[in-house]
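Scroll down for the structure; my scribbles are underneath it.
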Amino acid sequence: MEYQAKEFSDLYDDSKACLEFFPANSSIYLFNGIAANQINKYDEAVAILNSGKELVVNDKALESEFYSQLGDAYFGLKKYEEGKENFEEALIIDPLSTLNMNNYAYRLALAKLDLEHAEVLISKANLISPNQAHFIDTYGWVLFQKGEYVKAKEFFDRAFDLNSGDKIILEHLGDVYSKIGSKEKAVEFWIKAKIAGSTNKNLNKKIEKKEYYEPAY
């Protein structure tokens, strides 16, 4: 329930406590690793996820998720090669996981790495699972990082139509409006993203200066 409600601080504390009672349950390690990633405790995430994945038996989807979360943690630590290796391993184990494709593509785009590969990944995810707001937004984010702003806006608009209250989609719309010269519209969406709970440390700066700055989480 905490995971679904995105109450990651509580999930981190409760899953950590739960491990004392169920130290052989791999799923609890995964929840703790996910929570650690979400609250930027990346070193802890690497340690707990590496421990947990050794406990997985005959569950390819779960094993793949461990590697995907490890990829996320290493990207958080800016250890990009280790991050890519773990995401690639996740997709070898579960090649049809659209969630892993999306997360990998988003991380690559955020780091401005291998953008062509990121586009291939997110294009495939959207083909397998169409009309998913976050997947469409990630495609837009990849295009944004490639400098294809007009095309990126088309994807952000589609994502917004599917989920108009998402903080990331709102902020991305502001970003792309700033790049195509609509500063007032950009600020409008950045303010909406702030109200929706964006955790980007540079968001206030963007609103005050009325210009785009790279995200900082």
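LYS146 - would you say it is surrounded by fewer than 22 Cβ atoms within 10 Å (Cβ to Cβ) and charged (D, E, K, R)?
It is true that LYS146 is surrounded by fewer than 22 Cβ atoms within 10 Å (Cβ to Cβ) and charged (D, E, K, R).
Is it the case that the range 43-62 has a residue that's surrounded by fewer than 20 Cβ atoms within 10 Å (Cβ to Cβ) and under 13 Å from the mean Cα position of the chain (by Cα)?
No - not one qualifying residue is present in the range 43-62.
So, in the range 76-105, exactly how many residues are assigned to a helix (DSSP H, G or I) and either closer than 19 Å to VAL46 by Cβ or over 15 Å from the mean Cα position of the chain (by Cα) (or both)?
Residues flagged as assigned to a helix (DSSP H, G or I) and either closer than 19 Å to VAL46 by Cβ or over 15 Å from the mean Cα position of the chain (by Cα) (or both) within the range 76-105 amount to 18.
Just wondering, is there one or more residues in the range 5-25 that are modelled with pLDDT under 95 and under 18 Å from the mean Cα position of the chain (by Cα)?
yes
Residue-wise test of (1) touching a strand residue (DSSP E or B) at 6+ places or on another chain (Cβ under 9 Å); (2) touching a residue at least 12 places away in the same chain (Cβ under 8 Å); (3) small (Gly, Ala, Ser).
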| position | (1), (2), (3) |
| --- | --- |
| GLN145 | no, yes, no |
| GLU148 | no, no, no |
| ASP166 | no, yes, no |
| GLU171 | no, yes, no |
| VAL176 | no, yes, no |
| LYS179 | no, yes, no |
| SER182 | no, no, yes |
| LYS192 | no, yes, no |
| LEU203 | no, yes, no |
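Conditions tested, residue by residue: (1) within 23 Å of GLN38 (Cβ to Cβ); (2) part of a helix (DSSP H, G or I).
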position	(1), (2)
PHE135	yes, yes
THR138	yes, yes
GLU154	no, yes
PHE160	no, yes
ILE168	yes, yes
GLU184	no, yes
ASN204	yes, yes
ILE207	no, yes
TYR213	yes, no
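For the range 113-129, how many residues meet the condition of being closer than 18 Å to PHE155 by Cβ and not in a helix (DSSP H, G or I)?
Final tally of qualifying residues: 1.
The values are calculated or read from the model by the stated rules, or taken from the named source; none is laboratory data. Since the model is a prediction, treat every value here as computed from it, not as a measurement. So basically every Cβ, Gly included, is an ideal-geometry build from the backbone, and we count neighbours across all protein chains shown.
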